[in-house]
Amino acid sequence: MDNALFEYLVRLGDDSLILGHRLSEWCGHGPILEEDIAMTNIALDLVGQTTSILKYAGEVEGKGRTEDDLAFLRYEREYRNTLLVEQPNGDFGVTMMRQFLFDAFRKPLFEQLVNSSDAQIAAIAAKSLKETKYHFKHSAEWVIRLGDGTEESHERVQNALNDLWRYTDEMFFTDEVDRDLESRGITFSMEDLKNTWQETVKSVLDQATLEIPTNGWQHDGGRKGLHSEHLGYILAELQYMQRAYPGMEW
Amino acid sequence: MVAKERIWELMEEVFDPEVPVLTVVDLGVVRDVNFENDSWKITITPTYSGCPAMKRIEDDILEKLKENGIENASVELVLSPAWTTDWLSESGKKKLKEYGIAPPVAEVDKSVLFAERPIVPCPKCNSKRTKMISQFGSTACKAHYQCEECLEPFDYFKCLK
Ligand SMILES: [Zn+2]
């Protein structure tokens, strides 16, 4: 089995799986009906992308695990999502800020991956990129509206940014897996990705009149399976049905 | 053996579960029909990654073939090339409008923040004085609009390229 490729796909798939689940928690709780629908639509796209990614991961692994097995039947330490996506929803401003920081990473990532030497990754990226452009536009516009909005909305999204900033560096985590895949033309420069992300984030936050925190401390661990306490609660809910009724389908 | 044309005809009788005026051929979801290894293979592609209708479409296609005596068939889902609203047939766009859903219009690059919204004519009164209520509508493929002339709220089948 191609261990590096499997590991990479799980990282890619777990980010969208966990963020998709977080967004789905807004279902029926959105601040306005249109945003309730928007967040659940985006959740659906993310979970759909996860389906394609984890399905392929299962094929690469070659042990007969399906996308459902991977999504519902792994233990916490086997999840490889970044800590950013498992952070709680907070208020609408927190959710939009988390989404924006992620979309600003995911969009250029897929723009790179459409040129992957791995045909299946290129296909998934081309499909997902079209959706991600909508997500990015949605979250970036909200960050600007809220940041450059009322005193209260400004304060709330600034606080959200201050809280979430320490989880952003981890998206650019690089180890031997990335170096191996990059040498094979399957993935591309994380350095370029980070530069693009920084430019986008700076430009949007400037428009939003928000200040990038200067505190340099950054968390990591998610890519190695070391998560915050939040992931356990997410998995308890996500996996409940499959654990209680193994093999259940509908 | 039935002709390939016959299979395509049958595909024209399979409707999209979420927009039931469109067939899966109008929608551009059926990409190919082939006979290989003694079996018909229908190749389909999803509109959106998370489109919950795909499984249903797959079942409906097999059901339709079965009703017509074709048992040896399978459906394959492919992601590439990725679906685009350019594949909606002209008759499909017409049917959408008659059904009350505005068909896709050409849009600028979606990455441009606060870009001019495309002008989406009202499917009821054709007025161009319409406004977007939400970028995301009743399903992943639609946005929500309202006509400022006749006040009709309507779905817009948004452009995906
Ligand atoms: Zn009208």
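The values are calculated or read from the model by the stated rules, or taken from the named source; none is laboratory data. For clarity, every value in this text was computed on a predicted model and none was experimentally measured. Here the Cβ is made from the backbone with ideal geometry for all residues, glycine too, and neighbour counts use every protein chain on show. SASA here: full protein model, heavy atoms, side chains in, ligands and nucleic acids out. Shrake-Rupley method; radii C 1.70, N 1.55, O 1.52, S 1.80 Å.
Taken over segment B:81-116, the residue count meeting the criterion of being outside any helix (DSSP H, G or I) and either within 16 Å of the ligand (Cβ to nearest atom) or within 19 Å of the chain's Cα centre (by Cα) (or both) is 14.
Number of residues in segment A:117-175 that are within 14 Å of chain B (Cβ to nearest Cβ) and within 19 Å of the chain's Cα centre (by Cα): the value is 23. Is it fair to say B:Glu76 is out of contact with any helix residue (DSSP H, G or I) (no Cβ under 7 Å at 6 or more places or on another chain) and in the same structural domain as B:Glu13 (by TED's automatic domain parsing)? So B:Glu76 passes the test.
Checking each residue in segment B:132-154 for being more than 11 Å from the ligand (Cβ to nearest atom) and either farther than 19 Å from A:Asp45 by Cα or in a loop (DSSP other than H, G, I, E, B) (or both) picks out B:Met132, B:Ile133, B:Gln135, B:Phe136, B:Gly137, B:Ser138, B:Thr139, B:Ala140, B:Cys141. From the list B:Pro118, B:Pro104, which one is touching a Phe, Trp or Tyr at 6+ places or on another chain (Cβ under 6 Å) and assigned by TED's automatic domain parsing to the domain that holds B:Cys150? The conditions single out B:Pro104.
State whether one or more residues within segment B:12-19 are of a type outside the set (A, V, I, L, M), outside any strand (DSSP E or B), open to solvent by 50 Å² or more (accessible area, probe 1.4 Å) and farther than 26 Å from A:Leu44 by Cα. Yes, segment B:12-19 contains at least one residue that is of a type outside the set (A, V, I, L, M), outside any strand (DSSP E or B), open to solvent by 50 Å² or more (accessible area, probe 1.4 Å) and farther than 26 Å from A:Leu44 by Cα.
Okay, residues lined up against (1) modelled with pLDDT of 90 or more; (2) of a type in the set (Asp, Glu); (3) in contact with a strand residue (DSSP E or B) (Cβ under 6 Å, 6 or more places away or on another chain):
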{"site": "B:Val33", "(1), (2), (3)": "yes, no, yes"}
{"site": "B:Arg56", "(1), (2), (3)": "yes, no, no"}
{"site": "B:Pro81", "(1), (2), (3)": "yes, no, no"}
{"site": "B:Leu88", "(1), (2), (3)": "yes, no, no"}
{"site": "B:Ala106", "(1), (2), (3)": "no, no, no"}
{"site": "B:Asp109", "(1), (2), (3)": "no, yes, no"}
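Scanning segment B:126-148 for residues being away from chain A (no Cβ under 14 Å), loosely packed, with under 14 Cβ neighbours inside 10 Å and not hydroxyl-bearing (Ser, Thr, Tyr) gives a total of 4. Going by what's in this entry, would A:Arg156 be described as touching a Gly at 6+ places or on another chain (Cβ under 7 Å) and surrounded by 16 or more Cβ atoms within 10 Å (Cβ to Cβ)? It is true that A:Arg156 is touching a Gly at 6+ places or on another chain (Cβ under 7 Å) and surrounded by 16 or more Cβ atoms within 10 Å (Cβ to Cβ).
Yes/no matrix, rows are residues, columns are (1) of a type in the set (Asp, Glu); (2) within 30 Å of A:Val114 (Cβ to Cβ); (3) in a loop (DSSP other than H, G, I, E, B):
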residue: A:Phe188; (1), (2), (3): no, yes, yes
residue: A:Glu191; (1), (2), (3): yes, yes, no
residue: A:Ser203; (1), (2), (3): no, yes, no
residue: A:Asp206; (1), (2), (3): yes, yes, no
residue: A:Ile212; (1), (2), (3): no, yes, yes
residue: A:Asn215; (1), (2), (3): no, no, yes
residue: A:Glu237; (1), (2), (3): yes, no, no
residue: A:Arg243; (1), (2), (3): no, no, no
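Would segment B:84-101 turn up any residue that is free of Cβ contacts under 8 Å to residues at least 12 places away in the same chain and within 14 Å of chain A (Cβ to nearest Cβ)? There is no residue in segment B:84-101 that is free of Cβ contacts under 8 Å to residues at least 12 places away in the same chain and within 14 Å of chain A (Cβ to nearest Cβ). In segment B:69-80, the residue that is most open to solvent (accessible area, probe 1.4 Å) out of those that are away from every other protein chain (no Cβ under 14 Å) and in a loop (DSSP other than H, G, I, E, B) is B:Glu71. When segment A:8-36 is filtered for residues that are aliphatic (A, V, I, L, M) and surrounded by fewer than 20 Cβ atoms within 10 Å (Cβ to Cβ), the ones remaining, listed by number, are A:Ile32, A:Leu33.
Taken over segment A:61-88, the criterion of being assigned to a helix (DSSP H, G or I) and open to solvent by 30 Å² or more (accessible area, probe 1.4 Å) is satisfied by A:Glu67, A:Asp68, A:Asp69, A:Phe72, A:Glu76, A:Arg77, A:Glu78.
The single condition among (1) under 13 Å from the mean Cα position of the chain (by Cα); (2) at pLDDT 95 or above; (3) of a type in the set (Ser, Thr, Tyr) that B:Tyr48 does not meet is (2).
Summed over segment B:33-63, residues that are open to solvent by 10 Å² or more (accessible area, probe 1.4 Å), in contact with an Asp or Glu (Cβ under 9 Å, 6 or more places away or on another chain) and in a strand (DSSP E or B) total 2. So B:Leu151 ticks every box in (1) on the phi > 0 side of the Ramachandran plot; (2) open to solvent by less than 60 Å² (accessible area, probe 1.4 Å) but one. Which box is left unticked? All conditions are met except number (2).
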